[in-house]
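Read through the structure below, which is laid out as structure tokens, and then see the notes.
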Amino acid sequence: MHITRPRAFRRTVTVLAVTGLLVTPLAACAAGGDDTGPAEPIPAEGVDDGSTLTLWTRAPIERQANLLVDAYNASHENQVELTVVPNDDYVAKVGAAAGSSGLPDLFAADIVYVPNWVEQGLFQDLSEQIDGLDYKDAINPGHLSAGTLDGKEHVLPFALDLSMLFWNKELFAEAGLDPEKAPATLEEFSAAAQAVQALDKPDVYGTATGLNCGGCLVFTWFPSIWASGDQVMNDDGTESLLGSDSAQAVYDTWAELQDAGAVLPSSTDETGPTWTAAFSEGKVGVMPFPATLLPSLEFDAGVAGIPGVDGGASTFVGGDGIGVSKDSKKSAQAWNFLQWMMSEEAQVEVLAKDGNAVSRSDLADNEYAAADPRLVTINEVAAQGSTPVAMNFQQAFNAPGSPWLTLVRNAVLNGEDSVPADNEEITAILSQ
């Protein structure tokens with residue numbers, strides 16, 4: 001499988017998560033991450049002396065967090081106390097704690113928040129420790145890059161979430177499609193969705209998405225543009241490139257599916273909370289879908305990278321990064337948890353065993369993934385994906401009523417030929 005990797009954007013950024021939450025300013029926080037770091041040198045494996053560590057994470061990765069914390073606590077003198085925060089409350093909780101020097105020892109963040117929080121000095125500099133890992137080159141580059149500022153590294157991957165193309169094999173077979181073959185181009189994706197729609201089964205649709213969810217759309221549509229060899233923004237994130245031929249092909253494909261009645265009707269007003277539900281219930285034939293939900297599916301689903309116009313495949317690397325907070329006085333103990341989390345024991349025997357993607361490419365073809373080729377595919381694509389960021393990503397793409405949403409809705413729902421003008425509106429915000 002050919003994978004096209006987009007260029008990684010590296011700027012000081014304020015961004016919005018794929019889930020659509022606003023990144024609020026943390027006014028009381030220190031500016032810049034350069035001055036934060038452990039007071040004393042940390043041993044390569046940290047310190048395991050029976051200390052109690054606090055860790056915060058958001059609810060969408062509660063399963064992975066519990067697995068890692070339980071396994072660590074069972075095998076170490078240190079003990080981690082995990083707090084799981086509702087997704088909608090997480091940014092406010094972190095902001096309030098950061099302003100009052102009350103952050104936990106460790107905290108995770110949606111990877112698109114990470115650059116903003118690194119820039120504001122919420123994470124300690126872990127460059128020496130991360131650079132000392134003999135498998136550093138195998139760590140997911142998108143997550144490392146998101147946590148790097150001025151050459152200094154602050155976070156490691158906590159849990160990966162990738163946008164992948166999923167299809168319902170039973171519905172494919174019923175529609176006369178090869179259930180073992182992934183749609184390899186946008187045209188094949190459209191044809192497969194329309195074939196499932198043609199079954200005319202009650203409450204079953206060819207595909208689904210979140211047409212009123214900017215984060216859902218960047219997560220699932222940007223990879224088709226990357227796979228086609230194009231970019232969504234310029235290198236410094238100040239110009240939108242979403243008027244390209246490949247981008248237009250994405251809009252045309254979804255407009256065609258909408259006109260054919262092959263898109264789940266609730267997709268029109270879907271703002272994010274339930275955009276994956278219908279596929280999970282076996283009522284959608286094929287769609288870009290979060291890889292983290294694979295273990296929860298109760299039917300046989302195929303998995304592949306998201307295709308481009310003429311082939312290729314790519315993915316939006318989402319999920320959460322994790323680091324040591326600026327307020328922790330237990331940096332050495334916190335690093336003990338982080339370096340164990342990246343170990344083969346944790347990545348394979350905890351995460352991969354549960355059907356999750358690993359954060360190290362050298363462990364992609366592990367014994368558990370080998371038993372399920374879909375996991376190997378996810379792991380391989382994970383090493384090639386990216387998370388685009390920009391100073392005004394939030395306002396341009398994820399905010400309600402963003403020019404990105406306007407572009408999509410005009411092109412797909414309203415039949416308006418306004419992509420060039422809408423693309424200029426995105427650029428106007430990115431370049432502010």
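Points worth noting:
- Helices (runs of 4 or more DSSP H) within region 82-151 that include 3 or more residues at pLDDT below 90 and either under 23 Å from the mean Cα position of the chain (by Cα) or surrounded by 18 or more Cβ atoms within 10 Å (Cβ to Cβ) (or both): 87-99, 114-119, 141-146
- Asp200 vs. criteria assigned to a loop (DSSP other than H, G, I, E, B), free of Cβ contacts under 8 Å to residues at least 60 places away in the same chain and under 25 Å from Ile429 (Cβ atoms): no
- Screening the candidates Ala352, Ala332 for the property of being touching a Gly at 6+ places or on another chain (Cβ under 8 Å), over 24 Å from Gly210 (Cβ atoms) and not in a strand (DSSP E or B) yields one hit, Ala332.
- Output for region 254-294, where each listed residue is hydroxyl-bearing (Ser, Thr, Tyr), surrounded by fewer than 19 Cβ atoms within 10 Å (Cβ to Cβ) and part of a loop (DSSP other than H, G, I, E, B): Thr271, Thr274
- Single match in Ala371, Ala390, Ala399 (criterion: outside the structural domain of Ile139 (by TED's automatic domain parsing), aliphatic (A, V, I, L, M) and farther than 19 Å from His143 by Cβ): Ala399
- Residues that are farther than 18 Å from Leu53 by Cα and of a type outside the set (A, V, I, L, M, F, W, C), drawn from region 338-357: Ser343, Glu344, Glu345, Gln347, Glu349, Lys353, Asp354, Gly355, Asn356
- Filter pass, Thr24 being closer than 30 Å to Val303 by Cβ, modelled with pLDDT under 85 and either of a type in the set (Ser, Thr, Tyr) or more than 22 Å from the chain's Cα centre (by Cα) (or both): no
- Ala31 under 25 Å from Leu133 (Cα atoms), modelled with pLDDT under 90 and part of a loop (DSSP other than H, G, I, E, B): no
Residues are listed down the side, and each one gets a yes or a no for (1) over 16 Å from Val286 (Cβ atoms); (2) among the hydrophobic types (A, V, I, L, M, F, W, C); (3) touching a residue at least 24 places away in the same chain (Cβ under 8 Å):
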{"residue": "Pro115", "(1), (2), (3)": "yes, no, yes"}
{"residue": "Asp125", "(1), (2), (3)": "yes, no, yes"}
{"residue": "Asn140", "(1), (2), (3)": "yes, no, yes"}
{"residue": "Asp161", "(1), (2), (3)": "yes, no, yes"}
{"residue": "Phe166", "(1), (2), (3)": "no, yes, yes"}
{"residue": "Glu174", "(1), (2), (3)": "no, no, yes"}
{"residue": "Val204", "(1), (2), (3)": "no, yes, yes"}
{"residue": "Pro223", "(1), (2), (3)": "no, no, yes"}
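- Residue match in region 325-346 (condition: among the charged types (D, E, K, R) and more than 24 Å from Phe107 (Cβ to Cβ)): yes
- Top-ranked residue of region 299-332 - restricted to ones that are acidic (Asp, Glu) and at pLDDT 95 or above, ranked as surrounded by the most Cβ atoms within 10 Å (Cβ to Cβ): Asp327
The values are calculated or read from the model by the stated rules, or taken from the named source; none is laboratory data. The shown structure was predicted, so the numbers you read here are calculated from the model rather than taken from an experiment. A quick note on method: Cβ atoms are made from the backbone with ideal geometry, for glycine too, and the neighbour counts reach across all protein chains shown.
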